[in-house]
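Encoded as structure tokens, the structure appears first; notes follow it.
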Amino acid sequence: MSSKVYCTAQFLPKEGKETELFRVLQSLEPNTLREDGCIQYIVTKQIQSPFAEGKSFPIVFHEIWKDMASFEEHCQRDEISNFFESYCLAEDGLAADWNVCVYSDEG
């Protein structure tokens, strides 16, 4: 067991905005990977497989953080809060919906 925090941040792009939203999310990777508590931070697109037919938003960040404090510090960075304000909350943003969840490997 560890103090690590695992985050899954899913995004549903507005119609016709998937490529643009994916690129904006990719642009968050370099600075985030430099954060002290960041272990993994990668944005992915859902692909098709007959062995994985579950439901999900098509764009997902897979994140691993050293601990909850590191994750929460990341969430409060200007770059991240500005992303949510501009691309998720703004009426002319690129995301129709999003779902951010954190998990622990402790029992």
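The values are calculated or read from the model by the stated rules, or taken from the named source; none is laboratory data. Please read all numbers here as calculations on a predicted model, not as lab measurements. Counting neighbours? That spans all protein chains shown, and the Cβs are built from the backbone with ideal geometry, glycine included. Ligands, DNA and RNA are excluded from the accessible area calculation, which covers all protein heavy atoms including side chains. Shrake-Rupley method; radii C 1.70, N 1.55, O 1.52, S 1.80 Å.
The table below gives the values:
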| quantity | calculated |
| --- | --- |
| Residue match in region 85-98 (condition: out of contact with any Gly (no Cβ under 6 Å at 6 or more places or on another chain), under 17 Å from G37 (Cα atoms) and open to solvent by less than 80 Å² (accessible area, probe 1.4 Å)) | no |
| Considering residues of region 1-22 that are within 16 Å of W98 (Cβ to Cβ) and not hydrophobic (A, V, I, L, M, F, W, C) only, the residue surrounded by the fewest Cβ atoms within 10 Å (Cβ to Cβ) | E15 |
| Near pairs, Cβ below 9 angstrom, 6+ apart or cross-chain, from region 18-37 (under 15 Å from R77 (Cβ atoms)) to any residue that is in a helix (DSSP H, G or I) and of a type in the set (A, V, I, L, M) | L28/I80; T32/I80; G37/A69 |
| The listed residue being open to solvent by less than 60 Å² (accessible area, probe 1.4 Å), in contact with a Lys or Arg (Cβ under 8 Å, 6 or more places away or on another chain) and not in a loop (DSSP other than H, G, I, E, B), out of I64, I80, I39 | I64 |
| Subset of region 42-61 (residues that are touching a Lys or Arg at 6+ places or on another chain (Cβ under 9 Å) and either in a loop (DSSP other than H, G, I, E, B) or open to solvent by 40 Å² or more (accessible area, probe 1.4 Å) (or both)) | P58 |
